[in-house]
Amino acid sequence: MLQSSGTLTGVALLGLIVIAIVFAAQLEALVSACRNLLAYRQQLQQARRKVEQETEAALGQAKSLQDELPQLQASVEALAQEYERLAGDASQARKLHIREVVMSDIFVTQGDRPFIATVCRPKPDPDEPLAEQWKAGRDHVLYSSDTKTAARRFAQRYPTERGFAVGPVSPFTIPRPLPPEPESDA
């Protein structure tokens, strides 16, 4: 009965149409998945190429640095030696007491020796040159035959009436060892 009326053919046709629609949808999903897979594959290949290029560049830089390493180590060693030398010089320089000494005599009689005293002026005139240095005290050298005469000469040269104060007088000696003379570029 179903065969005679064509219903079976209609149902079969309807089933085929449904299967075709489902197949087309499945096929479209499969094609879309393949496109996505191809896009991901291309991105993966590009990423792999980029990583390979970056790795090559990093290896090149590493080789370059490795090639430069002995020269850099030699430079560091040379700088360390220079530092040691300069540290020694600096240590010697710290031991030196450098100070300004003013020679107060123009003419020196034979047999006189140098004597030193710190001369200060606690209240210098504000417009006086070297006012701050006078407040702090300046070392002056005078020549004389003995300490007593030198003290008298200092008192005459820098009188208290003019605001000077003279410290203790002692024989002047040049400290030893003297610093080395700077080398000239001549």
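The values are calculated or read from the model by the stated rules, or taken from the named source; none is laboratory data. Because the structure is predicted, anything quoted here is derived from the model rather than measured. Heads up: the accessible areas ignore ligands, DNA and RNA and are worked out on the full protein's heavy atoms, side chains in. Shrake-Rupley method; radii C 1.70, N 1.55, O 1.52, S 1.80 Å.
Summary table
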quantity: Complete set of residues in segment 111-162 that are within 44 Å of the chain's Cα centre (by Cα) and among the aromatic types (Phe, Trp, Tyr); calculated: 134
quantity: Residues being open to solvent by 100 Å² or more (accessible area, probe 1.4 Å) and at pLDDT 75 or above - total across segment 76-98; calculated: 6
quantity: Selection within segment 38-65 - open to solvent by less than 90 Å² (accessible area, probe 1.4 Å) and among the aromatic types (Phe, Trp, Tyr); calculated: none
quantity: Per-region count, segment 122-161, residues outside any strand (DSSP E or B), modelled with pLDDT of 85 or more and among the hydrophobic types (A, V, I, L, M, F, W, C); calculated: 4
